[in-house]
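Each remark here refers to the structure printed beneath this line.
Bear in mind these aren't lab numbers, they're just calculated from the coordinates by the rules spelled out. These figures come from a predicted structure and were not determined experimentally. Neighbour counts run over all protein chains shown; Cβ positions are idealised from the backbone, glycine included.
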Amino acid sequence: MSRVYNFSAGPSCLPESVLQEAAQEMLDYKGTGQSVMEMSHRSKAYEPIIQDAEARIRRLMNIPDSYAVLFLQGGASTQFAMIPMNLKKLGKAAYIDTGVWSNKAIKEAKKYLSVDVVASSRQEGYTFIPKVDKIEGEYDYAYITLNNTIVGTKWSYLPEMGTRADGTAIPLVADVSSCILSEPLDVTKFGILFAGAQKNLAPAGVTVVIIRRDLITEFPDPLTPTMLDYKTHADSGSMYNTPPCYTIYIMGKVLAWIEANGGAEGMKKRNEEKAHMLYDYLEKSTFYKSPVEKDSRSLMNIPFVIYETDEEKEKELNKKFVAEAAAAGLVNLAGHRLVGGMRASLYNAMSLDGVKALIAFMDKFAKENA
Ligand SMILES: *Cc1c(COP(=O)(O)O)cnc(C)c1O
């Protein structure tokens with residue numbers, strides 16, 4: 001058996017020990033004579049699995065009881081609609097445009113309420129996070145994408161939330177799909193945090209929503225589908241209908257792996273070591289460069305481009321890089337078409353050895369093609 005180093009932006013690599021455990025339990029989970037895939041979600045064997053996953057995520061992120069933790073389906077993309085549908089009261093929300101994912105969220109929100117894009121780095125190709133000191137206005141919520149998977153930026157600060165006429169602060173909503181549990185995060189600064197699990201937590205199929213309970217309203221629009229009402233899922237412990245049972249089981253194992261490796265602090269240390277190693281290499285290189293401004297750089301998704309003024313030649317070199325890297329066991333390094341070049345996603349499960357192997361390959365490629 002040979003395993004590659006997988007730099008995919010998502011779905012992405014999982015800790016090998018998690019895959020091994022799941023393989024061992026595949027045919028007979030803890031003496032039940034069944035796979036977790038085959039079990040009723042209401043069975044005695046399954047109940048502790050989902051409860052354990054929730055308890056672990058609560059411990060790892062210090063989530064207070066005043067927040068509900070929901071395991072939903074439909075991907076992070078469904079949250080782009082669920083958020084405005086459920087939070088709409090005043091009829092207006094503030095969004096900050098930091099790339100493709102915030103754009104998709106903006107487009108969807110506009111179906112339900114009026115959207116003020118209060119800041120954007122679009123003109124500059126989304127190469128940095130705009131500076132927003134404070135958001136003020138009669139907004140139902142303000143929305144940010146904490147880590148921008150495609151362009152490789154992340155928020156290194158949070159804007160201050162203004163007070164509305166009724167005396168309450170504007171709730172901050174953040175898409176944390178590509179950075180959840182990559183480092184500590186103060187949950188109490190947010191009204192809603194949500195993440196598609198397929199980047200840092202699990203295989204695809206579950207979306208984690210962490211929502212302050214007072215935002216779970218009694219009566220959203222009566223036309224809101226039951227499945228898109230947060231209250232449905234909060235009241236039923238994410239068991240209103242069949243949850244993505246197997247994905248939640250694997251997520252529980254990934255969360256246990258994070259706990260065993262120092263929790264959110266441990267992940268931060270591990271991720272900073274990996275990311276700094278690659279950024280330092282890019283800084284020193286005369287062949288590659290990072291397109292992202294220093295104070296906005298992501299710990300998780302690191303795009304890099306080759307210095308080459310001839311566009312055709314650059315495209316050829318990119319193709320050659322991706323193909324030769326794959327042949328060397330370093331896969332999924334093609335950049336997003338919007339950014340070009342290459343992108344290495346260094347999620348929690350990527351090892352330092354993987355990053356070292358990538359840098360060694362990059363160095364060899366640079367020498368051969370300079
Ligand atoms: C991947 C990603 C999404 C989309 O997630 P789906 O689960 O595929 O809907 C949304 N936001 C960010 C920041 C992402 O990285």
Which residue pairs have Cβ atoms closer than 7 Å, lie 6 or more positions apart in sequence or on different chains, and pair a first residue in the stretch 4-17 that is within 23 Å of M362 (Cα to Cα) with a second residue that is within 16 Å of the ligand (Cβ to nearest atom) and among the basic types (K, R)? A9/R343; G10/K199; S12/K199
Residue check: is N271 free of Cβ contacts under 8 Å to residues at least 40 places away in the same chain and either within 17 Å of the chain's Cα centre (by Cα) or within 20 Å of S12 (Cβ to Cβ) (or both)? no
Residue, nearest to S12 (Cα to Cα), within the stretch 160-181, restricted to residues that are within 12 Å of the ligand (Cβ to nearest atom) and part of a loop (DSSP other than H, G, I, E, B): S178
Can you confirm whether the stretch 289-307 contains a residue that is of a type in the set (K, R), over 20 Å from the mean Cα position of the chain (by Cα) and not in a strand (DSSP E or B)? yes
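Residues of the stretch 5-60 being of a type in the set (D, E, K, R) and within 24 Å of N200 (Cα to Cα), which ones?
Hits for the stretch 5-60 are E16, E21, E25, E47, D52, E54, R56, R58, R59.
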Can you tell me which residue in the stretch 129-159 is farthest from N332 (Cα to Cα), limited to those that are assigned to a strand (DSSP E or B) and within 16 Å of the ligand (Cβ to nearest atom)? Y143
Taking D65, is it outside any loop (DSSP other than H, G, I, E, B) and away from the ligand (no atom under 13 Å from the Cβ)? no
Which residues, counting only those in the stretch 182-199, are more than 10 Å from the ligand (Cβ to nearest atom), surrounded by 24 or more Cβ atoms within 10 Å (Cβ to Cβ) and farther than 19 Å from S66 by Cα? S182
For I49, state whether it is in a helix (DSSP H, G or I) and among the hydrophobic types (A, V, I, L, M, F, W, C). yes
How many residues does the stretch 287-307 hold that are surrounded by fewer than 16 Cβ atoms within 10 Å (Cβ to Cβ) and without any contact (Cβ under 8 Å) to a residue 60 or more places away in the chain? 3
